[in-house]
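*Asks:* Submitted below is the structure of interest, expressed as structure tokens.
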């Protein structure tokens, strides 16, 4: 696509219509469980029981489709960053991660692998081998609502629902035709536009079918276009550092080509991608049809193609000869050799043996282009056995395929032959013959799910003393398959390393029996309008490609106490299970140079230097572990070992218990007011994770400098120099993760009197308070207090690196017939540096947004405009920062952005 075409499409986007039915309302952040449920295909997140008037005992917060549309969301990422319970996760700024442009969800900073993503109550297909779902494949304009369930739901939904569930409810009953366009303007890059078309038809009164197509395009944003991100770690210089091997004499060339005896380096950070460019095409079909009077067929077909360009696993730096350099034979007749350099070389038989440490910045930075295709097809039948008892059976198949190409790297073996044919002394050499695109490889991920269950209540034949008993009884089968294929030429490149697939393609096969029971105990008594007990149980049989077969049991006990129409109280206690996913038990062990931890921006939080060399380590422990004397432990030249990471076939399943208690207040004396408050407590033991060098070194030398500290073995030393050598961070069972907190969800809407403009004013407030958060990396060590912290030491998966103890989003919405105006306030609480001994702090951050929906006197037309980060708040640059000198997983690096969307419905 040419620049002119892109501008034309961007202009056309402002002339066409977008977004699903933006008749913006003031109803936001309602509790999903308070909406009346109907027998049929209504989705009540937290239970499979379909019974009139049933509400879930688990706390569920809802974000309505109207709010999503008012925020002009093109992708799920656009609005999910504003939900307090969701941490950063992988997003568009996660350049260099193996997610390659995906957006994943992370509930409560407990890890994307512990957050189950559902579509209409059934599993979404993951793209990664660690079970993460790219939620940007879910059509934001077609969402009816998004439910966020806290506290685990393994007994109801199965594995992975440890931290909770995010359920995307699709508007599959749309009728008519709607077109739309959306444009977001960002200074210097990361602007995006989207166009879509949505249509739905009634099938003769027996059902309906909804179709949706969308194209989205996002531009790249370079680090050099944001002042905070321009500078990073320097690597081998573009001019080159040279050492005569025979004599040890050295010389260099600076970035202007001037000869110098001072070693040089070059920082390429300004040329790195801060936000990945993206092109995405989504096409979806949802249908349901009464094949018989009492039997309905339903299903969906979802397809998404995403093309992105990001960093490689080893970063975005251009090809380099490496920290150790390459020894080459420079001819005495080399016409490019400056006289000042010639006299420093030792020529034998017309050649000098020279060590060259140089980056080939002339070739540009390296990148990884990823083409990901995801589709999922579901077909199901459901019907009624009696008016109050129904059945449901479905089968779904999903697949994600990724093809990854590395661009901008070169062929290492050819460099030696070029040294006397091109000018390697100073910048500007012609290295184009080295340049080659490498097939990094491909990954394929398959998922099959089949389920059948009976659900309803006993009202047809047994009313009970307090009401009918609700129940579900069913069976579920799930199989996950993975296949890795890596390019054979990677070992020839400068920056990439050879990788190999597991000897046996991994798979997981699960058979499960599950049931739920809701038993009314009391009704129509003083202070007890209704009291019900709820139970759920699931037995799971796991078979994997490695290890032994396992059987697991999970259960749930809940109570739902409706005191009156004004007050409802609820509580749950659940056990949860998460067996290792394919990435954790089957990934082969890879390695990258240890030096990358100080030269690749996204890896900076994993290593903070050698405490022994920095003077912060225990002297006796340093001597005991082989430290021999001072050195610069942040210089890549001194980090000559490897950083080894991968799966572990011996991982055990992690288990946990969750507890929630809370209530919903909807006082009749205060119409339009709703308040829910819920306390949660999540305890996970044998938690699967990695022990990063920063953790292992801190524990070994600072916080627990004992001779038998097991974490000392995670980072070794060179026996000769005493420098840090190799790091081993393969997946393993840690000790425990505990988190507790309180969620608050409030809305209050009032009708405005006739003497004031407008019709309704609504205040909304959603907040997440964390009261306890500890991580214990090893049973032999004390837990770390991670409440209100930032940094790798308190990250459960090295994706989300900021874990504040308070977040909120508050909104003030004014409604009139033709106009809706909403002012939003997002707050991220103060956090302290989790690194041992650090006093670093990031103060509380406030972001504001303004959204306006206009409904002109043209039937079906809605215009929405808005500004995010209204006051252009700059991200922090704290002590021990993460990627790009800040933490882009949490803090906004785009700055003030302007958005426009239009919707036309007929």
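The values are calculated or read from the model by the stated rules, or taken from the named source; none is laboratory data. These numbers were taken from a predicted model, which means no experiment stands behind them. Positions of Cβ are generated from backbone atoms using ideal geometry, with glycine treated the same way; all protein chains shown enter the neighbour counts.
*Asks:* When you scan the stretch 122-140, do you find a residue that is surrounded by fewer than 23 Cβ atoms within 10 Å (Cβ to Cβ) and more than 19 Å from the chain's Cα centre (by Cα), even just one?
*Replies:* yes
*Asks:* Scan the stretch 869-884 and tell me whether some residue there is in contact with a helix residue (DSSP H, G or I) (Cβ under 8 Å, 6 or more places away or on another chain), surrounded by fewer than 18 Cβ atoms within 10 Å (Cβ to Cβ) and over 22 Å from residue 608 (Cα atoms).
*Replies:* Yes.
*Asks:* I've got another one for you. Hey, among the residues in the stretch 775-797 that are surrounded by fewer than 17 Cβ atoms within 10 Å (Cβ to Cβ) and either touching a helix residue (DSSP H, G or I) at 6+ places or on another chain (Cβ under 8 Å) or in contact (Cβ under 8 Å) with a residue 24 or more places away in the chain (or both), which one's farthest from residue 659 (Cα to Cα)?
*Replies:* In this case the residue turns out to be 780.
*Asks:* State yes or no: is residue 593 within 21 Å of residue 95 (Cβ to Cβ) and surrounded by fewer than 24 Cβ atoms within 10 Å (Cβ to Cβ)?
*Replies:* yes
*Asks:* Do you know which residues across the stretch 701-731 are farther than 13 Å from residue 627 by Cα, in a helix (DSSP H, G or I) and touching a helix residue (DSSP H, G or I) at 6+ places or on another chain (Cβ under 7 Å)?
*Replies:* Across the stretch 701-731, the qualifying residues are 702, 711, 714.
*Asks:* Do we have any residue at all in the stretch 626-635 that's crowded, with 17+ Cβ neighbours inside 10 Å, in a helix (DSSP H, G or I), in contact (Cβ under 8 Å) with a residue 24 or more places away in the chain and in contact with a helix residue (DSSP H, G or I) (Cβ under 7 Å, 6 or more places away or on another chain)?
*Replies:* No; the residues of the stretch 626-635 include none that is crowded, with 17+ Cβ neighbours inside 10 Å, in a helix (DSSP H, G or I), in contact (Cβ under 8 Å) with a residue 24 or more places away in the chain and in contact with a helix residue (DSSP H, G or I) (Cβ under 7 Å, 6 or more places away or on another chain).
*Asks:* Next question, about the same structure. Quick test for you: out of 813, 820, 800, pick the one residue that is in a loop (DSSP other than H, G, I, E, B) and buried (at least 23 other Cβ atoms within 10 Å of the Cβ).
*Replies:* Result of the check over 813, 820, 800: 800.
*Asks:* Please state which one of 824, 829, 899, 866 is farther than 12 Å from residue 70 by Cα and either touching a residue at least 24 places away in the same chain (Cβ under 8 Å) or over 22 Å from the mean Cα position of the chain (by Cα) (or both).
*Replies:* From the options 824, 829, 899, 866, the qualifying one is 829.
*Asks:* Related question: Say we look at the stretch 732-774 and pick out the residues that are in contact (Cβ under 8 Å) with a residue 12 or more places away in the chain and part of a loop (DSSP other than H, G, I, E, B); which of these is nearest to the chain's Cα centre (by Cα)?
*Replies:* 734
*Asks:* Considering 420, 353, which residue is touching a residue at least 60 places away in the same chain (Cβ under 8 Å), surrounded by fewer than 21 Cβ atoms within 10 Å (Cβ to Cβ) and either within 44 Å of the chain's Cα centre (by Cα) or not in a loop (DSSP other than H, G, I, E, B) (or both)?
*Replies:* 353
*Asks:* Given the conditions (1) surrounded by fewer than 24 Cβ atoms within 10 Å (Cβ to Cβ); (2) touching a strand residue (DSSP E or B) at 6+ places or on another chain (Cβ under 6 Å), report the number of the one that residue 107 does not fulfil.
*Replies:* The one condition residue 107 does not meet is (1).
*Asks:* Could you tell me whether the stretch 664-672 includes any residue that is under 31 Å from the mean Cα position of the chain (by Cα) and either at pLDDT 95 or above or within 30 Å of residue 531 (Cα to Cα) (or both)?
*Replies:* Yes; the residues of the stretch 664-672 include at least one that is under 31 Å from the mean Cα position of the chain (by Cα) and either at pLDDT 95 or above or within 30 Å of residue 531 (Cα to Cα) (or both).
*Asks:* Here is a further query. Of the residues 697, 684, only one is at pLDDT 90 or above and either on the phi > 0 side of the Ramachandran plot or in a strand (DSSP E or B) (or both); which?
*Replies:* Checking each option against the conditions leaves just 684.
*Asks:* Residue 730 passes all but one of (1) under 22 Å from residue 148 (Cβ atoms); (2) touching a strand residue (DSSP E or B) at 6+ places or on another chain (Cβ under 7 Å); which number fails?
*Replies:* Unmet for residue 730, out of (1) under 22 Å from residue 148 (Cβ atoms); (2) touching a strand residue (DSSP E or B) at 6+ places or on another chain (Cβ under 7 Å): (1).
*Asks:* For the stretch 142-153, what are the residues that are within 13 Å of residue 572 (Cβ to Cβ) and assigned to a strand (DSSP E or B)?
*Replies:* 149, 150
*Asks:* Which of the residues that make up the stretch 840-858 are over 28 Å from the mean Cα position of the chain (by Cα) and under 30 Å from residue 696 (Cβ atoms)?
*Replies:* Listed by number, the list is empty, since nothing qualifies.
*Asks:* Is one or more of the residues making up the stretch 659-673 assigned to a loop (DSSP other than H, G, I, E, B) and either surrounded by 23 or more Cβ atoms within 10 Å (Cβ to Cβ) or in contact with a helix residue (DSSP H, G or I) (Cβ under 7 Å, 6 or more places away or on another chain) (or both)?
*Replies:* Within the stretch 659-673, none of the residues are assigned to a loop (DSSP other than H, G, I, E, B) and either surrounded by 23 or more Cβ atoms within 10 Å (Cβ to Cβ) or in contact with a helix residue (DSSP H, G or I) (Cβ under 7 Å, 6 or more places away or on another chain) (or both).
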